[in-house]
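Presented below is the structure to which this report refers.
Every number in this text was worked out from the coordinates using simple rules, so none of it is lab data. Small disclaimer: the values here were computed from a predicted structure and weren't measured. All Cβ positions, glycine included, derive from the backbone under ideal geometry; neighbour counts span all protein chains shown.
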Amino acid sequence: MSTNDVVRRAWEANAAHWDDYMGATGNDFVNLLVWPATQRLLGLQPGEHMLDVACGNGLYALRLADMGAHVTAFDFSAALIERARARSAAHAGLIAYHVLDATDLSALLALGEGQYDAAMCNMALFDMADIAPLAAGLARLLRPGGRFVFSVMHPCFNGLHATFVAEGHDDGRRLTTRYGLRLSRYLTPFTAEGIAIRGQPEPQLYFHRPLGELLQPFLSAGFALDALEEAAFPPGYQPEKQTSWGGNYSEFPPVLVARLKR
């Protein structure tokens, strides 16, 4: 079984659990970190044709359609696409869903070369065994000047190489707790199993890439990086849904959002 097949099998197994947790409203990562920055960098105009790469349960495709976009959304998990279609019945004509593998260049190009004003991929590039086909495909799917906005777990601070640390500190006047991160590695790409949502049926594979490795396929395909945001929870913030991140770690952005232009 190929690495890509292992990834697909895990997402098929986890689709219902993921959809039950995220629904159409998402969580604090979506609503406070990922979506606001994605909206800003996309600069979406009504009537534009959008690609939603690795769309999952359709959470973001619905938001794009509500903003007036015509959305082509795809994911390689048939179970997630089934959930997305069921949730999007009221948006018939605005969203077209496909079961499609983002690592398959010929399948990507079948979506229509030069047909899209913009594309986005939220919190999924680190789930892909190979991102070079997507970079090459987007260079041909987007119109001249088209933009690609992606969000990822911040490769410097968020991933299986990072450990949360809380240390007691005595400054001679009071006892306090200092919060930080301990990093075991960064520059060398690696693949490892992890759990995105507690209770999911199967662990999934994460593909860690340092920032240079993450951007290189897109830069080689002719894209230019022209915007980047690092998103963190504000000091003292307590997320509504369970996560290790929160205001105690406000100096460390768990999410990176970037815009590339063709």
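The angle between the Cα long axis of helix 211-220 and the longest principal axis of the Cα atoms of the chain comes to about 20 degrees, rounded to the nearest 10. Of the residues PHE223, PHE233, PHE164, the one that moves most in a GNM of the chain with alpha-carbon contacts below 10 Å is PHE164.
Three principal axis extents of segment 117-218 based on alpha-carbon atoms, in descending order, are 62, 34, 25 Å. Taken over segment 17-151, the convex hull of the Cα atoms encloses 99 Å³ per residue. Extending 7 Å from Cα along the Cβ direction at ILE197 and again at ARG9 yields two label points whose distance is 2.2 nm.
Largest GNM mean-square fluctuation across ASP170, ASP52, ASP101, computed for the chain with C-alpha springs under 10 Å, falls on ASP170. Hydrodynamic estimate: the Kirkwood radius of the chain over Cα pairs, inserted into Stokes-Einstein at 10 °C and 1.306 mPa s, corresponds to D of 83 µm²/s. The alpha-carbon positions of segment 148-204 define a convex hull whose volume is 157 Å³ per residue.
Stokes-Einstein diffusion coefficient for segment 18-87 at 37 °C in a medium of 0.692 mPa s, Rh from the Kirkwood formula over Cα pairs: what value in µm²/s? Answer from the Stokes-Einstein relation: 264 µm²/s. Restricting to Cα pairs below 8 Å that are 6+ residues apart, what does the relative contact order work out to for the chain? Please round to a whole percent. Relative CO of the chain lands at 20 percent.
When every Cα-Cα distance of segment 171-262 is counted in 5 angstrom steps from zero, the calculated P(r) takes the values 3, 10, 13, 16, 19, 17, 11, 6, 3, 1, 1, 0 percent. The distance separating the Cα centre of segment 217-241 from that of segment 67-96 comes to 24 Å. The slack between TYR237 and ALA90, meaning 0.36 nm per residue of separation minus the straight C-alpha distance, is 49.5 nm. In the chain, helices alone account for a calculated mean residue ellipticity at 222 nm of -8000 deg cm²/dmol, with every DSSP H run of four or more residues adding -39,500 (n - 2.57).
Round to the nearest 10 and give me the degree value, 0 to 90, for the angle of helix 78-87's Cα axis relative to the longest principal axis of the chain. Its long axis makes an angle of about 80 degrees.
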